[in-house]
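Note sheet for the following structure.
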Amino acid sequence: MPLLEVKHMTHYFGGLRAVHDFNLSIEKGEIRGLIGPNGAGKSTVFNLITGIYRPTEGQVIFKGQNITGKRPHQIAAMGLGRTFQNLRLWRHMTVLEHVKMARYSKLTYGLVGAFFDTRKRRREEAEAEKVARDLLDLLGVYNVAHELVTNLPYGMQRRVEMARALAVEPDILFLDEPTAGMNPEELVEMMDVIRQVHQEFDLAIFLIEHRMKFVMELCQRIQTLVFGEVIAEGTPEEIQNNPKVIEAYLGEEVET
Amino acid sequence: MASKLTNKAAFFKQTPALGWLLTGLVIAGLEMAVGKPLARFLGIGKIPALFGFLIIFKKPSLQFPFIFNDLGIIAGVIVYDILIYLLPLVLVTWLTYRLTNRVAGVLYRKSALLSVLLHILLLYLVLRLWTDISTYRELVTRLTMIAVIVTLSLNVINGYMGEFSTSHPGFMAVGAYVSSVFTMALFTQSDYFGPARLPASLAPVFFPIALILGGAVAAFSALAVAIPSFRTRGDYLAIISLAYMFIVKSLFENLEVVGGPRGLGGQPDLASFPVIFVWMALGIWIINNFVRSTLGKALNAVRDDELAADAMTVNTRKTKMTAFLFGAFWAGLAGGLLAHVLRYINPGSFGLQKLAEVLAMVYFGGLNSVLGSIVGAVSINLLGEALRPLELYKWIVIPVILILVMIYRPTGLIAFREFDLVEIVKPKEIKEGDDATA
């Protein structure tokens, strides 16, 4: 049974068909890429699977459960972590607080604990902090744990966001353009980070990316989305040589 | 030159909380012992209730023969403030900051909790002694402590959650009326509810129940705002909550059983100084616990980016709902206290002016900060009282101060800071290095 399965997913924004008959099947530990020109509907696919939008048609099945129409926090708590194209960090919170926040669904102390500072709350908060600190250590941002995220350089913010997504204890990680706005050096670093977390946590990863080098090197299989439809699917080599893809996507890059 | 000055005043920075409380105790004791004769000697007559502001602003009579008399009194007040407040403040902190640091250190190492409790007890003593001198001073302090609860509860919604709620006077009104009806029906003989049903000696025992009931009903009524407005974000809450406030006001205006627009008077005198102090301490403790837990910090996450919070497993709808009802509960409880301090309430006093006051306290003190709310409530309340003799001009001075704060510190005086009592009771480091253990 695949870890995540999407069956015939279609979505309309009013009269506009953003995604049409999208199918996907990701196995445990697989790294899968989704590419496509701007406005192809890649982020919409992410938002549909993670529950931000409810698909007009079709089903999303995660760990054997139909999660179509569930709220994002429920889906996330089942083991789906994600990052965003434009970061979406919380600007008044410290790095440590970010990562601890993603432990929300693991906290059981409830309002009584929150109001009265019970022993259970102290224990659970301490546990959450330990998990968070380990993740910060893994991603090399331990020494800025008490900084506000807005004070950090871009590359570090990306790492914080990754640590936050991992604190959810995901089985699958969705990365929405993890290298957007990065210089070549940071890009190589990010590639190492992704490889590292992939090995460490035995994760499946589903990523949207614009940089061909990045996708070709990391992903085992790639889908190409154009105008909301998958026009090609296969290994990086197959995709690279697919005339449809070259026409729709790579062709553009070569010309410019 | 400047560095020399800061060096000289360095002991202010090195004075621990214990030192300040000791100084407060000395000042309060001093005023008690020599305040009256000193005031008479300086020609003020009686002890100035609020640092003499009331006297200074009271008589702007600019007619020729009286102006010297007034100036004399003003000078007397200033001398009084210097002798009773300023001088002891400097002297006692300077003389004792080493000692209090050492004591604070011993206490802190023994048990942080014990130290915190001792500090709170000392604060209570200082306030009690200081307010013992005049009933007016005591009343102002009691109202200020209630304002602290209200401000904090609104800060949870407007600061921590970042929504703009304007229904707080409504919650206070609900709490005030519910708890009043409860205590009056049970313990007093009144035209509204007939004879007392229980002996008055039981009233203090039932008072917490009355307050909690008031808070709970306020929180329940808050659902009427929360359910429609938390489906989305934006200006909806501001508008719906404003409507709620007006609805509550006109509801009580038309409820003849509780006096209608004439109001409801004759509540039993239950909200004494210690009772309010305990509720304020409890309120600060619980609210502070909440906003420092990850569950409470989820409010910040929702405020800064709700989509991201949702994707990080935070149940955003539940979080917003909880916080809103929580804020409403404390506002209702504070309303109940207020009703039993003033022992008279009418719907008109829970209107726009109350709203402006509460909002001013929150935004002046600082968003997302417990300490900010305390500072905001205390300073706006004291300012309001001190400027009372200016009458109409008061409503020019206070807004101008607010505007200045908004220009220079847009989020308020002490915004976005954590309030940690254990941190506060810690001894301060002494720079010369004679406290080797620190």
Note: among B:Ala203, B:Ala243, B:Ala196, just one is in contact (Cβ under 8 Å) with a residue 40 or more places away in the chain, in the same structural domain as B:Ser165 (by TED's automatic domain parsing) and among the aliphatic types (A, V, I, L, M), namely B:Ala203
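Table: residues versus (1) surrounded by fewer than 22 Cβ atoms within 10 Å (Cβ to Cβ); (2) within 14 Å of chain B (Cβ to nearest Cβ).
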{"residue": "A:Leu34", "(1), (2)": "no, no"}
{"residue": "A:Ser43", "(1), (2)": "yes, yes"}
{"residue": "A:Gly58", "(1), (2)": "yes, no"}
{"residue": "A:Pro72", "(1), (2)": "no, yes"}
{"residue": "A:Gly81", "(1), (2)": "no, yes"}
{"residue": "A:Trp90", "(1), (2)": "no, yes"}
{"residue": "A:Thr108", "(1), (2)": "yes, yes"}
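Yes or no, residue by residue, for (1) acidic (Asp, Glu); (2) more than 27 Å from A:Pro178 (Cβ to Cβ); (3) at pLDDT 95 or above:
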{"residue": "A:Ala40", "(1), (2), (3)": "no, no, no"}
{"residue": "A:Gly81", "(1), (2), (3)": "no, no, yes"}
{"residue": "A:Val95", "(1), (2), (3)": "no, no, yes"}
{"residue": "A:Lys120", "(1), (2), (3)": "no, yes, yes"}
Counted residues in region A:150-197 being among the acidic types (Asp, Glu), within 14 Å of chain B (Cβ to nearest Cβ) and touching a Gly at 6+ places or on another chain (Cβ under 7 Å) come to 2
Filter region B:112-168 for residues that are aromatic (Phe, Trp, Tyr) and farther than 27 Å from B:Glu418 by Cβ; the one that is surrounded by the fewest Cβ atoms within 10 Å (Cβ to Cβ) is B:Tyr136
Just one listed residue, out of B:Ser115, B:Ser153, is in a helix (DSSP H, G or I), in the same structural domain as B:Tyr244 (by TED's automatic domain parsing) and either polar (S, T, N, Q) or at positive phi (or both), and it is B:Ser153
Considering only helices (runs of 4 or more DSSP H) wholly within region A:90-146, the ones with at least 3 residues that are farther than 25 Å from B:Asp305 by Cβ and outside the structural domain of A:His73 (by TED's automatic domain parsing) are A:110-116, A:119-138
Of (1) of a type in the set (D, E, K, R); (2) closer than 29 Å to B:Ala298 by Cβ; (3) buried (at least 16 other Cβ atoms within 10 Å of the Cβ), A:Arg54 fails just (3)
If you go through B:Val362, B:Val341, B:Val375, the only one that is of a type outside the set (D, E, K, R), assigned by TED's automatic domain parsing to the domain that holds B:Trp395, modelled with pLDDT of 95 or more and buried (at least 24 other Cβ atoms within 10 Å of the Cβ) is B:Val362
Does region B:334-347 include one or more residues that are among the aromatic types (Phe, Trp, Tyr) and within 11 Å of another protein chain (Cβ to nearest Cβ)?
-> no
Review point. Can you find a residue in region B:11-21 that is on the phi > 0 side of the Ramachandran plot, assigned by TED's automatic domain parsing to the domain that holds B:Thr96, modelled with pLDDT under 90 and not hydrophobic (A, V, I, L, M, F, W, C)?
Key: no
The residue that is farthest from the other protein chains (Cβ to nearest Cβ), considering only those in region A:110-134 that are touching a Gly at 6+ places or on another chain (Cβ under 8 Å) and either charged (D, E, K, R) or surrounded by fewer than 18 Cβ atoms within 10 Å (Cβ to Cβ) (or both), is A:Lys120
The one condition A:Ala165 fails out of (1) surrounded by fewer than 17 Cβ atoms within 10 Å (Cβ to Cβ); (2) part of a helix (DSSP H, G or I) is (1)
Per the filter on region B:306-362, residues in contact (Cβ under 8 Å) with a residue 24 or more places away in the chain, polar (S, T, N, Q) and not in a helix (DSSP H, G or I) are B:Asn346
Would you confirm whether or not region B:252-274 contains a residue that is closer than 29 Å to B:Val370 by Cβ and either in a helix (DSSP H, G or I) or outside the structural domain of B:Phe230 (by TED's automatic domain parsing) (or both)?
yes
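For every residue, the table says whether it meets (1) of a type in the set (Ser, Thr, Tyr); (2) facing another protein chain (nearest Cβ under 8 Å); (3) within 18 Å of B:Leu152 (Cβ to Cβ).
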{"position": "B:Val258", "(1), (2), (3)": "no, no, no"}
{"position": "B:Gly266", "(1), (2), (3)": "no, no, no"}
{"position": "B:Asp269", "(1), (2), (3)": "no, no, no"}
{"position": "B:Ser272", "(1), (2), (3)": "yes, no, no"}
{"position": "B:Leu282", "(1), (2), (3)": "no, no, yes"}
{"position": "B:Asp304", "(1), (2), (3)": "no, yes, no"}
{"position": "B:Ala308", "(1), (2), (3)": "no, yes, no"}
{"position": "B:Thr316", "(1), (2), (3)": "yes, yes, no"}
TODO: Restrict the check to region B:164-174 and report whether at least one residue is free of Cβ contacts under 8 Å to residues at least 12 places away in the same chain and out of contact with any Leu (no Cβ under 6 Å at 6 or more places or on another chain).
DONE: no
When region A:60-70 is checked residue by residue, the ones that are touching a residue at least 40 places away in the same chain (Cβ under 8 Å) and either within 14 Å of another protein chain (Cβ to nearest Cβ) or not basic (Lys, Arg) (or both) are A:Val60, A:Ile61, A:Phe62, A:Gly64
Residue pairs qualifying under the 6 Å Cβ cut-off, at least six apart or on distinct chains, with the first in region A:232-244 being assigned by TED's automatic domain parsing to the domain that holds A:Gly36 and the second being of a type outside the set (Asp, Glu) and part of a loop (DSSP other than H, G, I, E, B), are A:Ala232/A:Asn242
When (1) in contact (Cβ under 8 Å) with a residue 60 or more places away in the chain; (2) more than 14 Å from chain A (Cβ to nearest Cβ); (3) within 23 Å of the chain's Cα centre (by Cα); (4) closer than 22 Å to B:Leu342 by Cβ are applied to B:Ile209, the one that fails is (1)
Residue count, region A:180-199, condition surrounded by fewer than 16 Cβ atoms within 10 Å (Cβ to Cβ) and not in a helix (DSSP H, G or I), comes to 2
Any hit, region B:274-292, residues being closer than 26 Å to B:Ala176 by Cβ, surrounded by fewer than 16 Cβ atoms within 10 Å (Cβ to Cβ) and not aliphatic (A, V, I, L, M) = yes
field: Any chance A:Ala102 is of a type outside the set (D, E, K, R), under 12 Å from A:Arg164 (Cα atoms), out of contact with any strand residue (DSSP E or B) (no Cβ under 6 Å at 6 or more places or on another chain) and touching a residue at least 60 places away in the same chain (Cβ under 8 Å)
entry: yes
Screening B:Phe277, B:Phe290 for residues that are in a helix (DSSP H, G or I), at the interface with chain A (Cβ under 7 Å from one of its Cβ atoms) and closer than 25 Å to B:Leu123 by Cβ leaves only B:Phe290
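The values are calculated or read from the model by the stated rules, or taken from the named source; none is laboratory data. Values in this document were obtained by computation on a predicted structure and should not be read as measured data. Cβ: placed from backbone, ideal geometry, glycine included. Neighbour counts: every protein chain shown.
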